[in-house]
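These notes concern the structure reproduced below.
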Amino acid sequence: MLNKFLATGIAAAALVGVAGTAHAGKDLDAIKARGSLTCGVPTGVAGFGLADSQGKWVGLNVDVCRAVAATIIGDAEKVKYVPLTAQQRFTALQSGEVDMLSNNTTETLTRDTALGFDFGAVTYYDGQGFMVNKKLGVKSAKELNGATVCVQPGTTTELNLADYFRANKMTFKPVVIEKVEEVRAAFFSGRCDVYTNDSSALYSTRVANVPSGQSPNDYIVLPEIISKEPLAPVMRHGDNQFVDIVRWTQYAMIEAEEYGITSKNVDEMAKSDNPVIKRILGVTPGMGKALGVDEKWVYNVVKQVGNYGESFERNVGKDSILKIDRGLNNLWTKGGLQYAPPIR
Ligand SMILES: N[C@@H](CCC(=O)N[C@@H](CS)C(=O)NCC(=O)O)C(=O)O
């Protein structure tokens with residue numbers, strides 16, 4: 001009997017311990033104590049994450065870091081950016097060098113489980129493509145048998161490439177290069193026939209990185225999209241509250257777009273009678289408390305960073321050099337996949 005009670009007691013203590021760990025919010029506490037968020041970003045992908053000529057980080061992924069800082073700290077400027085190659089990113093997150101990644105990482109099962117991570121919402125629905133020099137005369141990926149292909153290591157790109165060629169009974173010669181500027185140089189100098197990456201990165205490279213003396217029109221992105229690449233922020237598994245905050249910050253940007261709340265009109269919108277808008281903007285309190293942040297969290301995010309559509313158009317869409325269509329990244333009400341669960 002005694003043993004049974006003892007065993008129950010130990011089990012109960014263990015349970016409390018587990019629950020205590022899950023809710024301890026170690027990562028969130030560290031961010032608050034530091035007064036800034038440490039965000040892993042790409043080393044330089046125009047539109048997605050790039051330091052401009054003044055050293056200021058800009059891009060769709062950078063805006064997610066800024067928005068999370070606005071939610072937790074109330075100030076989108078309180079971010080320390082750590083540029084990482086695709087190869088370095090997961091070690092940097094596991095070791096605690098960064099609080100989160102917002103850098104064109106694809107959500108996959110093994111990254112979510114075996115690597116010990118959690119994913120936020122999808123920042124950008126992408127898919128893998130191929131870019132070639134026009135003078136090759138290739139019109140379809142099915143014509144790439146025997147090609148030399150430039151690819152970055154530690155990526156889903158590398159794995160999908162092998163799958164695609166095997167499935168289509170073709171061979172290829174990989175040229176595997178870690179640094180993005182080196183892989184671009186190899187491709188543009190003709191060392192590889194093909195550059196494969198997420199199509200977002202291909203469009204970005206074609207617009208922003210073609211060397212002088214060549215033109216973006218010398219290159220085409222082939223029509224085939226060979227994979228699903230849902231790009232999402234990544235956090236270490238274990239601090240549920242921090243992961244919730246990242247995910248709901250992204251949802252808030254999407255929800256704000258859906259309800260027409262922008263960085264320009266948010267003060268006006270805060271006077272709205274619409275109960276949904278009042279709840280989103282914290283005029284009716286409750287959502288901030290539930291998430292463990294200031295009631296003005298969405299107001300801060302939208303005022304300082306903008307809604308999802310504003311961020312998209314400014315960084316990669318019609319107001320940017322990339323001119324990427326909203327496509328899959330349009331709101332669900334406009335034929336896209338961006339859909340936020342309700343803030344209530
Ligand atoms: N989405 C793929 C590919 C990611 C990837 O290769 N990203 C590159 C090109 S966009 C990148 O961001 N590299 C960071 C860098 O080297 O700057 C993955 O998660 O494996």
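The values are calculated or read from the model by the stated rules, or taken from the named source; none is laboratory data. Keep in mind that what you see is a predicted model, and the values were worked out from it rather than measured. Here the Cβ positions follow ideal geometry from the backbone for every residue, glycine too, while neighbour counts run over all protein chains shown. These area figures cover heavy atoms from the full protein model, side chains too; ligands, DNA and RNA do not enter into them. Shrake-Rupley method; radii C 1.70, N 1.55, O 1.52, S 1.80 Å.
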TODO: Return one whole number: the accessible area per residue of segment 200-313 in Å², for a 1.4 Å probe.
DONE: 41
TODO: Treating the angle as unsigned and between 0 and 90°, give the value, to the nearest 10°, between the Cα long axis of helix 60-73 and the longest Cα principal axis of the chain.
DONE: 10
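So if each residue of separation counts as 0.36 nm, and I subtract the Cα-Cα distance between LYS26 and GLU182, what length gain in nm does that give?
52.4 nm
Summing +1 for each Lys or Arg and -1 for each Asp or Glu, what net charge is found among the other residues whose Cβ lies under 14 Å from the Cβ of VAL82? If you can, show how the numbers build up before the last one.
Working: positive: ARG34, LYS80, ARG89; negative: GLU97, ASP99.
My count for the surroundings of VAL82 gives +1.
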Task: Near-label residues of segment 329-344 by backbone N, under 19 Å of a point 7 Å along Cα→Cβ of VAL276 - done: 330-344
Open item on the list: Counting only other residues whose beta carbon sits under 14 Å from that of GLY282, what net charge do I get with K and R as +1, D and E as -1?
Closed with: +3
Task: Summed residue charge, Cβ within 10 Å of GLN152's Cβ, Lys/Arg positive, Asp/Glu negative - done: -2
TODO: Along Cα→Cβ, 7 Å out, is where each label goes; now give me the distance between the ones at LYS289 and GLN214 in nm to one decimal.
DONE: 5.9
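Pairs LYS78/LYS228; LYS228/LYS303; LYS271/LYS318; LYS135/LYS228; LYS78/LYS303: which exceed 23 Å Cα-Cα? Let's see the in-between values first.
Details: LYS78/LYS228 33 Å; LYS228/LYS303 32 Å; LYS271/LYS318 30 Å; LYS135/LYS228 29 Å; LYS78/LYS303 15 Å.
In this structure, LYS78/LYS228; LYS228/LYS303; LYS271/LYS318; LYS135/LYS228 lie more than 23 Å apart at Cα.
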Task: Pairwise label distance in nanometres, LYS169 with ASP267, each label 7 Å out on the Cα-Cβ vector - done: 6.8
